[in-house]
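First the structure, in the form of structure tokens, and then the observations on it.
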Amino acid sequence: MARVLKRRSTKTRTIKTRKTYSIDHKTYNSKALLDYHKELAGYLADGIIESFELPEADEVSRSKFHAYKAMVDGIQFDSLNESRYYVQIKQIRDSKQPTDHGLLLSFEMQKPYEIVPSFVKNGHRIRKMEYLADFVLHYDSGKTRVIDVKGVETDVFKLKKKLVEYKYPEVEIECLKYVSALHSFLTTKAYKQYIKDKKAKKAA
């Protein structure tokens with residue numbers, strides 16, 4: 001039986017080059033990084049932050065959720081928005097101006113809350129389960145806020161949130177999402193309302 005040979009395509013494949021953005025001898029592969037560089041450069045000039053570093057075009061520096069990592073004041077953040085929130089609360093603390101919750105005295109980052117302690121089963125040690133809070137804010141009013149800066153609320157996060165709030169009755173985890181159009185952070189509830197209002201306005 002004769003074999004039919006497929007003819008190899010003679011078409012040439014066009015390889016698209018990724019657009020890059022350059023500023024201050026740095027090259028980035030997204031406009032988001034370029035814009036954030038400008039934002040941080042302004043904070044640096046004003047003495048609000050001491051240093052910053054963003055992933056350049058030839059670097060791979062993303063978290064497991066594909067968010068760009070950033071380093072501000074020598075601190076590594078898993079996303080641009082986490083570092084953005086850090087700058088915001090640093091400004092609030094240093095301004096010594098009261099907020100709706102009181103005067104912000106201090107804040108912690110990546111504070112662990114143990115959910116299940118380490119234990120031994122069948123001769124094997126099982127690692128403990130814990131939740132790492134992005135930020136914990138302390139006010140002169142005695143109030144403490146636990147903040148998680150989220151782009152996406154995963155099922156794992158939702159489960160850990162329930163377990164933490166059950167084990168630590170005094171803790172209520174606030175999820176914040178950055179909205180670039182507003183240049184501010186919104187709670188999950190406020191963000192849903194913002195999207196709802198935006199859709200209603202568009203449909204009108």
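The values are calculated or read from the model by the stated rules, or taken from the named source; none is laboratory data. Quantities reported herein were computed from a predicted structural model and do not represent experimental measurements. Neighbour counts run over all protein chains shown; Cβ positions are idealised from the backbone, glycine included.
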> Mind checking whether some residue in region 143-159 is among the charged types (D, E, K, R), surrounded by 14 or more Cβ atoms within 10 Å (Cβ to Cβ) and not in a strand (DSSP E or B)?
Replying inline: yes
Scanning region 32-49 for residues that are assigned to a loop (DSSP other than H, G, I, E, B) and among the aliphatic types (A, V, I, L, M), the one surrounded by the fewest Cβ atoms within 10 Å (Cβ to Cβ) turns out to be Ile48
Filter region 103-119 for residues that are hydroxyl-bearing (Ser, Thr, Tyr) and either assigned by TED's automatic domain parsing to the domain that holds Val72 or exposed (fewer than 14 other Cβ atoms within 10 Å of the Cβ) (or both); the one that is farthest from Val72 (Cα to Cα) is Ser118
Among the residues of region 78-101, the number that are in contact with a Gly (Cβ under 8 Å, 6 or more places away or on another chain) and surrounded by fewer than 16 Cβ atoms within 10 Å (Cβ to Cβ) is 0
Selection over region 160-184 where residues are surrounded by 18 or more Cβ atoms within 10 Å (Cβ to Cβ), basic (Lys, Arg) and out of contact with any Leu (no Cβ under 8 Å at 6 or more places or on another chain) yields a count of 2
Considering region 33-47, residues that are closer than 16 Å to Glu82 by Cα and among the aliphatic types (A, V, I, L, M), and then whichever is modelled with the lowest pLDDT, we arrive at Leu33
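Against the condition within 30 Å of Thr154 (Cα to Cα) and either among the hydroxyl-bearing types (Ser, Thr, Tyr) or at pLDDT below 70 (or both), how does Ser30 come out, does it pass?
For Ser30, the condition - within 30 Å of Thr154 (Cα to Cα) and either among the hydroxyl-bearing types (Ser, Thr, Tyr) or at pLDDT below 70 (or both) - is met.
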Apart from one, (1) among the hydroxyl-bearing types (Ser, Thr, Tyr); (2) under 30 Å from Tyr166 (Cα atoms); (3) out of contact with any Lys or Arg (no Cβ under 8 Å at 6 or more places or on another chain) all hold for Tyr131; the odd one out is (3)
